[in-house]
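The values are calculated or read from the model by the stated rules, or taken from the named source; none is laboratory data. This is a predicted model, so every value here is computed, not measured. Methodologically, a virtual Cβ is constructed for each residue, glycine included, from the backbone with ideal geometry; neighbour enumeration extends over all protein chains shown.
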Amino acid sequence: MGQPSRFYDFGPFRLDATERVLLQEGEPLPLTPKAFDTLMVLVQRARHIVEKDDLIKLVWPDAIVEENNLTQNISLLRKALGESSSEPKYIETIPRRGYRFIAPVNEAFGEPVELIVAAHTRSQVVIQEESEIEDRG
């Protein structure tokens with residue numbers, strides 16, 4: 001048995017945390033691992049401002065990176081989500097502070113599916129009686 005899957009649904013998208021994939025109406029969208037991690041942090045903290053420094057520390061815990069790396073990931077995410085920074089539907093820029101995921105998010109857990117196939121047979125038994133007709137004559 002596998003572990004339960006964790007999903008985050010928003011708009012036509014589903015973020016599968018277990019498989020590390022973003023789906024749009026069931027179709028996977030290509031994201032770099034760091035862009036996925038950036039989206040994961042924002043979605044998990046939906047409706048809250050995530051400071052740029054905190055986001056960088058969470059996405060690149062063992063590396064020193066420039067703010068430009070974060071900006072590139074946000075740009076990739078906006079493109080994948082089909083939005084622009086001037087009209088955000090998902091990721092809002094908070095000037096000089098950070099970003100906020102603004103779309104409503106529904107978190108769901110899915111149990112691993114165990115498929116059980118059972119065979120059913122239908123039988124019909126027909127009993128015919130044969131009667132002996134005796135000639136008594």
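Within segment 66-99, the set of residues being of a type in the set (A, V, I, L, M, F, W, C) and farther than 14 Å from Ala35 by Cα comprises Ile94 only. Restricting the first member to segment 55-75 and to residues that are over 14 Å from Arg97 (Cα atoms), and the second to residues that are part of a helix (DSSP H, G or I) and charged (D, E, K, R), the beta-carbon pairs closer than 8 Å and six or more apart or on different chains are Leu58/Asp37; Val59/Lys34; Val59/Asp37; Trp60/Lys34; Asn69/Lys34; Asn73/Lys34.
Here is a yes/no grid of residues against (1) assigned to a loop (DSSP other than H, G, I, E, B); (2) out of contact with any helix residue (DSSP H, G or I) (no Cβ under 9 Å at 6 or more places or on another chain); (3) under 14 Å from Asp54 (Cβ atoms):
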{"position": "Val65", "(1), (2), (3)": "yes, no, yes"}
{"position": "Gln72", "(1), (2), (3)": "no, no, no"}
{"position": "Lys79", "(1), (2), (3)": "no, yes, no"}
{"position": "Pro88", "(1), (2), (3)": "yes, no, no"}
{"position": "Thr93", "(1), (2), (3)": "no, no, no"}
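In segment 61-78, of all residues being under 16 Å from Ile91 (Cβ atoms) and charged (D, E, K, R), the one that is modelled with the lowest pLDDT corresponds to Glu67. Looking at segment 38-54, which of its residues are assigned to a helix (DSSP H, G or I) and among the hydrophobic types (A, V, I, L, M, F, W, C)? Within segment 38-54, Leu39, Met40, Val41, Leu42, Val43 meet the criteria. Taking segment 1-39 as the range and being within 16 Å of Ile91 (Cβ to Cβ) and either of a type in the set (D, E, K, R) or surrounded by 18 or more Cβ atoms within 10 Å (Cβ to Cβ) (or both) as the test, the residues that pass are Tyr8, Phe10, Phe13, Leu15, Leu22, Leu31, Lys34, Ala35, Phe36, Asp37, Thr38, Leu39. Considering every residue within segment 82-100, establish whether at least one is surrounded by 13 or more Cβ atoms within 10 Å (Cβ to Cβ), polar (S, T, N, Q) and either within 22 Å of Phe10 (Cα to Cα) or modelled with pLDDT of 90 or more (or both). Checked segment 82-100: at least one residue is surrounded by 13 or more Cβ atoms within 10 Å (Cβ to Cβ), polar (S, T, N, Q) and either within 22 Å of Phe10 (Cα to Cα) or modelled with pLDDT of 90 or more (or both).
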